[in-house]
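Computed from the coordinates by the stated procedures, all read-outs in this text should not be read as laboratory data. Please read all numbers here as calculations on a predicted model, not as lab measurements. Here the Cβ positions follow ideal geometry from the backbone for every residue, glycine too, while neighbour counts run over all protein chains shown.
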Amino acid sequence: MRRALLAITGLAASTTVLVVLKGSPGATGVAQDLPAERPPVVPAPAGPTPTGGDASAAPSPSGSTASPRPGRTATRASSVRPGATTRAPSAPRTSSKPPPAPTTRTVTGPVVENEYGNVQVQITLSGTRIVDVVALELPEETAQSDQRSEQVDGRYSGSSGLVVQRQSADVDTVSGATATSDAYKQSLQAAIDRAN
């Protein structure tokens, strides 16, 4: 009987010390950060305590009970105000629309006459850049003028011709086709001027 009384008294004393430590202001962060809805679990003694009551209801010397202070939750430890809502950072806003594509337009130069026939040039621009050149009209009256026109057209026109490469009408004259080359460059320069 004496052993049972000593065991019960020891258990009650250790429970009281545990309750006092959990309720004191200097207790560890774990005891203070428990939610108010769930009081800490304290083992009940096997029998009556010397005070004649339940050990879990034993008051501490400071007059507080075993439950943590009301309103203390784990969010307090993370420096968020009680009652404040937290929001995850939002992703940066991205536009679902692609950037506008440069406008493509065509500009036609005037018809320029020379001794072999007429020359007219049309340019295609993407934004301010020349992307293609087409000869709408070239001299074709004789086999010789047709051959020279083909040389001029092959050298200056197209998306990989000299005009697109240099982005200007300042191109070298085709040897043997000076009149057609000059007429081509005049119509081309007029088209570039109209585009600007």
Among the numbered conditions (1) assigned to a helix (DSSP H, G or I); (2) within 13 Å of G117 (Cβ to Cβ); (3) of a type outside the set (F, W, Y), tell me where R155 comes up short.
-> (2)
Subset of segment 95-149 that is more than 20 Å from S160 (Cβ to Cβ), of a type in the set (S, T, Y) and in contact with a helix residue (DSSP H, G or I) (Cβ under 7 Å, 6 or more places away or on another chain) - its residue that is surrounded by the fewest Cβ atoms within 10 Å (Cβ to Cβ) = T108
Out of segment 158-195, which residues are touching a residue at least 24 places away in the same chain (Cβ under 8 Å), on the phi < 0 side of the Ramachandran plot and outside any helix (DSSP H, G or I)?
-> S159, G161, S168, V174, A177
